[in-house]
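S.K.: First the structure, then my questions, so here it is.
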Amino acid sequence: MRHAVIMAGGSGTRFWPLSRRSFPKQFLTLSGTRSLIQSTFDRCRPDIAADRFWVVTNAVQAGVTRDQLPEIPGEQILIEPCGRNTAPCIGLAAIHLLRQDPEAVMVIMPADHVIGPDQEFRRLVERAVQLTEADPTRLVLFGVRPNYPATGFGYIERGPALPNASDAYSVASFREKPDLSTAERYIESGKFYWNCGIFVWRADVILERLRAFEPTLAARLETLAGHIGREDWPEALAEEFPRMPSISIDYSVLERADNICLLEAPFAWDDVGSWEALSRLHEQDAAGNTTVGPHGGVDTSGCIIRSEGQHLVATAGVEDLIVVHTPDATLVAARRDEDAIRRLVKHLEESGWDHYV
């Protein structure tokens, strides 16, 4: 059976002040009527029963996760005692899946991406599952064809098509986040895709690969697996999980393993990494402003403005700003410096304003 695994432990600091430690961006509604994590659930729900969904999150966010996704059984909200990147996260889900289903296929997704149309996503998942059925040792990745030279994403280089599967490709290489000129070359070649962090594979196979490439991590997962369902699970988790290496599934397995294949995503994808995403998710006015909530402005251009409730944001004689109003904090930032908000959040933490973070 296929199971959906939603990775939902992120902090989303670049969406401050709307995103906070206890309510990060996956819980925000940035377009439509459902939050990002709810939309991730909705996207898979027609093909995957609610009792085969799993969410990996942390203790601070577990309550909100349960509130937003009441359909998922409470014991399938898995709580990491600390952040350890995606390899331990996926491994934790895999050991739980295997107790329920020895032949479980994992459909692994971040909680905070915007994808559409949903039916195209489900169609690609179905194709990925078929590929794992044809070869259970296969690891399937989704790649998004880039439409601009992004420097903030990792890239996957496409190799030859698989035998008897013209829509699936071997992976020639993985590339780190490039500089602008390199990203432009990637697009010109037509062989590179954004690595969107969506994977399909069998739970037992990914654990085998972890045993081969990260034996220390795999050994701690195997120890934990023996405690699932027992009264001492919380103590075992608190003992073993923090000792796992903090490493991504890309570094730990994907860049070192064989029998990996790439499917080109036929859907639109946005990782919603910063406030800049609002300009892609909403229409802009004639002056290039993107506004969500009440706004009145003169001589205002190229701004992203969001206001909560009925609070009016009024602007005059400004351009290329991000202005975000919430009940207890207001952000005014230069639009073109996406990293500034992350630096600002760190400054607030260090300056005694961490209760606003």
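Taken together, the values in this text are just the output of simple stated rules run on the coordinates, not laboratory data. Quick caveat, the model's predicted, so the values are computed rather than measured. As a convention, Cβ positions derive from the backbone with ideal geometry for all residues, glycine included, and neighbour counts pool all protein chains shown.
S.K.: Could you tell me which GluC sites (Glu not before Pro) in region 217-321 are loop residues by DSSP with no more than 11 other beta carbons within 10 angstrom of their beta carbon?
M.R.: Filter output for region 217-321: Glu231, Glu283.
S.K.: Something else about it: Considering only C-alpha atoms, what is the centroid distance from region 83-110 to region 173-241, in Å?
M.R.: 9
S.K.: Related question: Mind checking which of Trp201, Ala236, His295 is farthest towards the positive end of the chain's charge dipole, using Cβ charges of +1 (Lys, Arg) and -1 (Asp, Glu) about the Cα centre?
M.R.: So the residue furthest toward the plus end is Trp201.
S.K.: Taking the Cα atoms only, what angle lies between the long axis of helix 86-100 and the longest principal axis of the chain, rounded to 10 degrees?
M.R.: 50
S.K.: Measure of size requested: the Rg and Dmax of the chain, with Cα atoms as the atom set and Å as the unit; please supply both.
M.R.: When restricted to the Cα atoms of the chain, Rg and Dmax are 21.1, 64 Å.
S.K.: While we're here: Identify, among Pro17, Gly154, Ile249, the residue whose Cα sits farthest towards the positive end of the charge dipole of region 2-270, taking +1 on the Cβ of Lys and Arg and -1 on the Cβ of Asp and Glu, with the dipole about the Cα centre.
M.R.: Ranked along the dipole, the leading option is Pro17.
S.K.: Any chance you could give the angle, 0 to 90 degrees and rounded to 10, that helix 203-213 forms with the longest Cα principal axis of the chain?
M.R.: Tilt relative to the chain: about 90 degrees.
S.K.: Rounded to the nearest 500, what is the chain's calculated 222 nm mean residue ellipticity when only DSSP H runs of at least 4 contribute -39500 (n - 2.57) each, over all residues?
M.R.: Per the formula, -9000 deg cm²/dmol.
S.K.: While we're looking at this one, here's another question. Please figure out what share of the DSSP beta bridges in region 2-270 is antiparallel and state it in percent, rounded to the nearest 5.
M.R.: Around 55 percent antiparallel, to the nearest 5.
S.K.: Something else now. Using the per-residue mean of other Cβ atoms lying within 10 Å as a proxy for protection, in what order, highest first, do the peptides 83-93, 147-157 fall?
M.R.: By packing density, highest mean first, the sequence is 83-93, 147-157.
S.K.: If you don't mind, there's one more thing I want to ask. Can you pull the one-decimal nm distance between simple spin-label points at Asp179 and Phe23, each 7 Å off the Cα toward Cβ?
M.R.: 4.2
S.K.: Turning to a different aspect of this structure: For Thr151 and Thr330 in one chain, what is 0.36 nm times their gap in residues minus the Cα-Cα distance, to one decimal in nm?
M.R.: Fully extending the segment from Thr151 to Thr330 adds 61.6 nm.
S.K.: From Cα pairs below 8 angstrom and at least 6 apart in sequence, can you work out the relative contact order of the chain, rounded to a whole percent?
M.R.: 19
S.K.: Same structure again: Which net charge results for the neighbourhood of Gly143, defined as the other residues with beta-carbon distances under 9 angstrom from its beta-carbon, given Lys and Arg at +1 and Asp and Glu at -1?
M.R.: +1
S.K.: Between Gln119 and Ile228, what is the label-point separation in nm under the 7 Å Cα-to-beta-carbon projection?
M.R.: Distance between label points: 3.5 nm.
S.K.: Could you pull out every one of the lysines with an alpha carbon less than 30 Å from that of Lys346, ignoring same-chain neighbours closer than 8 positions?
M.R.: Of all the lysines, those that pass the test against Lys346 - Cα under 30 Å, at least 8 places apart if same chain - are Lys25, Lys177.
S.K.: Follow-up question, since we're still on this one. Between Gln130 and Ala49, how high is the FRET efficiency from 1/(1 + (r/R0)^6) when r is the Cβ-Cβ distance and R₀ = 25 Å? Nearest 0.05.
M.R.: Once the sixth-power term is evaluated, E becomes 0.80.
S.K.: Let me ask something else. Rounded to the nearest 0.05, what FRET efficiency is calculated for His347 and Ala165 with R0 set to 45 Å and r the Cβ-Cβ distance?
M.R.: Calculated transfer efficiency: 0.35.
S.K.: Compute the distribution of all C-alpha to C-alpha distances in region 204-268, in bins of 5 Å from 0, and list the percent of pairs in each, rounded to whole numbers.
M.R.: Whole-percent P(r) values from 0 Å outward: 3, 16, 22, 18, 15, 11, 8, 6, 2, 0.
S.K.: How far is it, in nm, from the label point at Asp285 to the one at Tyr356 when both lie 7 Å from their Cα along the line to the Cβ?
M.R.: Result for the modelled spin labels: 2.6 nm.
S.K.: For the chain, find the longest principal axis of its Cα atoms and tell me its angle to the long axis of helix 180-189, 0 to 90°, nearest 10.
M.R.: With both axes taken from Cα atoms, the answer is about 60 degrees.
S.K.: What are the ³J(HN,Hα) values, in whole Hz, obtained from phi via the Karplus relation 6.51 cos²θ - 1.76 cosθ + 1.60 with θ = phi - 60°, for each residue of region 251-267 in sequence order, with x given for Gly and Pro?
M.R.: 5, 6, 10, 4, 7, 10, 8, 9, 6, 10, 10, 10, 10, 6, 6, x, 10
S.K.: Taking only the alpha-carbon positions of region 26-107 and ignoring solvent, what does the Debye formula give for the base-10 log of I(q)/I(0) at q = 0.11, 0.13, 0.15 Å⁻¹?
M.R.: Reported log10 I(q)/I(0), two decimals: -0.30, -0.42, -0.56.
S.K.: In Å, what is the Rg of the alpha-carbon atoms in region 72-223, and how long is Dmax?
M.R.: Final numbers for Rg and Dmax: 16.8, 48 Å.
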